[in-house]
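*Asks:* Just passing along the structure, written as structure tokens.
The values are calculated or read from the model by the stated rules, or taken from the named source; none is laboratory data. Every value quoted in this text rests on a predicted model; they were computed, and no experiment measured them. Note that each Cβ is placed from the backbone with ideal geometry, even for glycine, and that neighbours are counted across all protein chains shown. We work out accessible area using only protein heavy atoms, side chains counted, and drop any ligands, DNA or RNA first. Shrake-Rupley method; radii C 1.70, N 1.55, O 1.52, S 1.80 Å.
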Amino acid sequence: MSDLLERVNAFRAGFARRQAAEIVELPGAFAVRDPDFSLSHEHNQLIVAAADTSPAALPWLAARGLGPHAHHQIMVLDEALGERAGPVLAAVGYERAVELILARPTDGCELPELAALPVELADLLAAVFRQQLEWYPDENLARQLTERRAARLRGAGEVLFLATRTPEGEIAAWVDLYLDRDAGLAQLEDLVTAAPQRGRGHGDALLATGLALAAAAGIPQLFLIADATDWPRTWYARRGFAELGRNHSFSATTQ
């Protein structure tokens with residue numbers, strides 16, 4: 001494992017810990033829980049950081065850490081362990097998703113002419129909620145997936161919500177930017193353009209702004225997570241992002 005990938009994995013584990021309402025410490029892993037966002041898998045999952053954890057132990061660790069929660073999610077940060085765990089977890093009903101860790105240097109990145117701007121979380125919530133409702137008709141789920149951003153404010157030393165706007169002033173697109181100067185890392189998370197505004201350059205403005213702000217903060221690397229089977233991975237590749245590693249997420253319904 002490269003030093004950069006090791007630092008990224010440590011950052012992600014630390015972010016999960018810091019934003020969690022509850023933490024359950026387990027051998028080689030820990031569970032995060034948040035009853036206020038019970039439908040958010042991000043806030044209720046087992047995170048496996050130790051590469052030598054036995055795949056056979058993972059269902060037991062999830063049961064210990066997440067208890068009667070209706071959905072068990074296991075995030076395995078080590079790629080090799082995730083590969084070994086796949087058949088074991090599939091045999092007991094877990095489905096696997098592979099996520100790509102994409103990164104690029106920030107050196108030389110400057111603000112674009114039409115840069116995104118930081119916004120307060122309260123200004124962002126209505127636009128995010130409308131988009132979540134398009135994806136998830138369950139209003140309670142959509143509301144939790146919107147409001148969970150408040151917990152992310154605890155995740156890193158600096159958390160910014162960036163947005164672009166339409167000519168009429170409406171929020172068109174948004175993304176989270178997390179900065180960790182000590183680790184020399186920045187992360188972009190949840191880059192979304194509202195459906196009516198797609199194809200107008202908002203995503204590029206968000207991405208370029210995030211890279212420029214990281215560079216201005218003296219942070220040499222920015223990373224993000226992309227689904228290994230979805231189209232955004234190629235969009236990011238065309239903009240200079242290269243695959244750094246992979247992690248594996250396993251999900252099962254328990255009730």
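*Asks:* Inspect the range 242-255 for any residue being out of contact with any strand residue (DSSP E or B) (no Cβ under 7 Å at 6 or more places or on another chain) and without any contact (Cβ under 8 Å) to a residue 40 or more places away in the chain and give the result as yes or no.
*Replies:* Checked against the condition, which is being out of contact with any strand residue (DSSP E or B) (no Cβ under 7 Å at 6 or more places or on another chain) and without any contact (Cβ under 8 Å) to a residue 40 or more places away in the chain, the range 242-255 yields no hits at all.
*Asks:* With (1) open to solvent by less than 30 Å² (accessible area, probe 1.4 Å); (2) under 22 Å from Glu42 (Cα atoms) as the list, and Thr254 as the residue in question, which single condition is left unmet?
*Replies:* With (1) open to solvent by less than 30 Å² (accessible area, probe 1.4 Å); (2) under 22 Å from Glu42 (Cα atoms) applied to Thr254, the lone miss is (1).
*Asks:* Only one of Leu66, Leu77, Leu61 is crowded, with 19+ Cβ neighbours inside 10 Å, touching a residue at least 24 places away in the same chain (Cβ under 8 Å), closer than 14 Å to His248 by Cα and not hydroxyl-bearing (Ser, Thr, Tyr); which?
*Replies:* Leu77
*Asks:* Oh, and also: Could you tell me which numbered condition Asp182 fails, if it satisfies all but one of (1) within 27 Å of Val8 (Cα to Cα); (2) at pLDDT below 95; (3) assigned to a helix (DSSP H, G or I)?
*Replies:* The one condition Asp182 does not meet is (3).
*Asks:* Here is a follow-up. Can you tell me which residues in the range 166-187 are in contact (Cβ under 8 Å) with a residue 24 or more places away in the chain, among the charged types (D, E, K, R) and either within 17 Å of Leu117 (Cβ to Cβ) or touching a Phe, Trp or Tyr at 6+ places or on another chain (Cβ under 8 Å) (or both)?
*Replies:* Within the range 166-187, Glu170, Asp176, Asp180 qualify.
*Asks:* Let me ask something else. Within the range 6-13, identify whether any single residue is under 30 Å from Ala142 (Cα atoms), at pLDDT 95 or above and open to solvent by 20 Å² or more (accessible area, probe 1.4 Å), and answer yes or no.
*Replies:* Yes: one or more hits.
*Asks:* In the range 149-165, which residue that is open to solvent by 20 Å² or more (accessible area, probe 1.4 Å) and not in a strand (DSSP E or B) is farthest from Ser38 (Cα to Cα)?
*Replies:* In this case the residue turns out to be Gly157.
*Asks:* Considering only the range 210-221, I want to know if a residue exists there that is within 18 Å of the chain's Cα centre (by Cα), over 19 Å from Tyr178 (Cα atoms) and not polar (S, T, N, Q).
*Replies:* No, every residue in the range 210-221 fails to be within 18 Å of the chain's Cα centre (by Cα), over 19 Å from Tyr178 (Cα atoms) and not polar (S, T, N, Q).
*Asks:* Hey, among the residues in the range 91-134 that are aliphatic (A, V, I, L, M), in a helix (DSSP H, G or I) and closer than 28 Å to Arg17 by Cβ, which one's nearest to the chain's Cα centre (by Cα)?
*Replies:* Filtering the range 91-134 for residues that are aliphatic (A, V, I, L, M), in a helix (DSSP H, G or I) and closer than 28 Å to Arg17 by Cβ, the one nearest to the chain's Cα centre (by Cα) comes out as Val128.
*Asks:* If you don't mind, there's one more thing I want to ask. Of the residues in the range 106-137, how many are farther than 19 Å from Gly240 by Cβ, open to solvent by less than 100 Å² (accessible area, probe 1.4 Å) and not hydrophobic (A, V, I, L, M, F, W, C)?
*Replies:* So the count comes out to 5.
*Asks:* To continue, here is another question. Only one of (1) more than 13 Å from the chain's Cα centre (by Cα); (2) under 21 Å from Asp34 (Cα atoms) fails for Gly169. Which number is that?
*Replies:* Among (1) more than 13 Å from the chain's Cα centre (by Cα); (2) under 21 Å from Asp34 (Cα atoms), Gly169 violates only (2).
*Asks:* Okay, moving on. If I ask for residues that are open to solvent by less than 10 Å² (accessible area, probe 1.4 Å) and β-branched (Val, Ile, Thr), which ones from the range 175-205 would you list?
*Replies:* Within the range 175-205, Val175 is the sole residue that qualifies.
*Asks:* Taking the range 75-84, which residues are under 19 Å from the mean Cα position of the chain (by Cα), in a helix (DSSP H, G or I) and among the charged types (D, E, K, R)?
*Replies:* Scanning the range 75-84 gives a single hit, Glu79.
*Asks:* Filter the range 29-40 down to the residues that are closer than 14 Å to Gly67 by Cα and not aliphatic (A, V, I, L, M), then identify the one that is surrounded by the fewest Cβ atoms within 10 Å (Cβ to Cβ).
*Replies:* Pro35
*Asks:* A further question on this structure: When you look at Pro87, is it within 21 Å of the chain's Cα centre (by Cα), modelled with pLDDT of 95 or more and either surrounded by fewer than 15 Cβ atoms within 10 Å (Cβ to Cβ) or basic (Lys, Arg) (or both), yes or no?
*Replies:* No; evaluated as a whole, the condition is false for this residue.
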